[in-house]
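Written out below as structure tokens is the structure these notes cover.
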Amino acid sequence: MNNNNPLLQKSFQFSIDIIDYTEKLSELKKYIMANQLFRSGTAVGAMVREAQSPESLNDFIHKLKVAAKEAEESKYWLELAERSIHYPSPSKERLINPLTEVQKLLSSILRTAKNKIQNKN
């Protein structure tokens with residue numbers, strides 16, 4: 001992994017932290033939420049990693065858009081867990097704040113990439 005890329009670093013660490021949290025959910029027999037959150041949370045980092053070898057700038061943008069959508073879905077599941085009395089509240093420091101940072105990075109990178117395409121035309 002490229003240690004100089006903050007988005008790669010943060011999305012990878014977020015995936016690790018999602019794995020830890022969803023393991024706790026599974027131990028509590030909260031399998032459906034654990035599965036949904038595991039899939040969307042780890043997909044963020046997977047799509048960011050996949051975007052590192054794009055076929056084109058449009059492919060790069062597409063992969064990061066998918067990562068952004070998965071991040072938004074992860075945020076939804078985390079908010080549900082946070083507000084439900086039946087689920088352990090996710091850590092703001094380990095999950096919610098890092099996800100917000102990843103979303104901000106994705107938004108900024110996507111904006112820059114889209115501007116490159118517009119400036120070419």
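Yes or no, residue by residue, for (1) among the basic types (K, R); (2) over 11 Å from the mean Cα position of the chain (by Cα):
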site: A51; (1), (2): no, yes
site: F60; (1), (2): no, yes
site: V66; (1), (2): no, no
site: A71; (1), (2): no, no
site: R83; (1), (2): yes, yes
site: E93; (1), (2): no, yes
site: K114; (1), (2): yes, yes
site: K120; (1), (2): yes, yes
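Of these, A81, A34, A67, which one is under 30 Å from K114 (Cβ atoms), without any contact (Cβ under 8 Å) to a residue 60 or more places away in the chain and aliphatic (A, V, I, L, M)?
A67
Quick test for you: out of I16, I61, pick the one residue that is part of a helix (DSSP H, G or I), surrounded by fewer than 18 Cβ atoms within 10 Å (Cβ to Cβ) and not aromatic (F, W, Y).
Just a single option satisfies the conditions, and that option is I16.
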| Condition check for A68: farther than 20 Å from N5 by Cβ and touching a helix residue (DSSP H, G or I) at 6+ places or on another chain (Cβ under 9 Å) | no
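Mind listing whichever residues of the range 23-37 are on the phi < 0 side of the Ramachandran plot and either surrounded by fewer than 21 Cβ atoms within 10 Å (Cβ to Cβ) or touching a Lys or Arg at 6+ places or on another chain (Cβ under 9 Å) (or both)?
Of everything in the range 23-37, those that are on the phi < 0 side of the Ramachandran plot and either surrounded by fewer than 21 Cβ atoms within 10 Å (Cβ to Cβ) or touching a Lys or Arg at 6+ places or on another chain (Cβ under 9 Å) (or both) turn out to be E23, K24, S26, E27, L28, K30, Y31, I32, M33, A34, N35, Q36.
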| Any pair with Cβ under 8 angstrom, 6 or more apart, that starts in the range 1-27 at a residue that is farther than 19 Å from A81 by Cβ and ends at one that is acidic (D, E) and part of a helix (DSSP H, G or I) | K10/E101
| said: Tell me yes or no: at least one residue of the range 94-109 is assigned to a helix (DSSP H, G or I) and in contact with a Ser or Thr (Cβ under 8 Å, 6 or more places away or on another chain). | reply: yes
| When the range 4-13 is examined, which residues are found to be surrounded by 14 or more Cβ atoms within 10 Å (Cβ to Cβ) and outside any helix (DSSP H, G or I)? | N5
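Every number in this text was worked out from the coordinates using simple rules, so none of it is lab data. Bear in mind the structure is a predicted one, so any value in this text is a computation, not a measurement. Every residue, glycine among them, receives a Cβ derived from its backbone with ideal geometry; neighbour counts consider all protein chains shown.
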